[in-house]
Amino acid sequence: MAAAAQPEAVIEVADRRPSPKRPSHAPKPSAKVREAMQSLEDTATTSRRTAIYATRSTAPRGTRVLGSGSGANGQAEAGKTGLQTLLEAINEQRNGTREINAEQRNTICELRDVVSKQQDAIQQLCEELR
């Protein structure tokens, strides 16, 4: 009896690597970052409050408002005040950023020293093993 030829099934598999898994949640920011973000939010909130209270009041039709705060001069003063407040907030943030950068530089220097000491220790251990 002759063996009947059975059909072969050929399956091709793609040579793809599985995509790396990403964390499902964002890392929690450090205390310093949270503190900096809170101060930014506080500044933004106070800026919004002043903007709400600094809205221009309008007079009823047919009446003229006299005195300071009316017309282009009053609007210019309000604009200057708003810009001054914004400038102060920007300066505060810049100073905070400078402090954070200085702390980061110090931390990096300390970490470099630690890495250098670790490398020295590894070299000593390798020499002892020889």
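The values are calculated or read from the model by the stated rules, or taken from the named source; none is laboratory data. All of these numbers come straight from a predicted model, not from anything done at the bench. Using ideal geometry, Cβ is built from the backbone for each residue, glycine included, and neighbour counts are taken over all protein chains shown.
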* Structure fact -> Checked pairs for segment 66-78, first assigned to a helix (DSSP H, G or I), second at pLDDT 50 or above and surrounded by 10 or more Cβ atoms within 10 Å (Cβ to Cβ), C-beta under 8 Å and 6 or more apart or across chains, list as 78/54
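When you scan segment 45-55, do you find a residue that is among the basic types (Lys, Arg), surrounded by fewer than 11 Cβ atoms within 10 Å (Cβ to Cβ) and at pLDDT 80 or above, even just one?
No.
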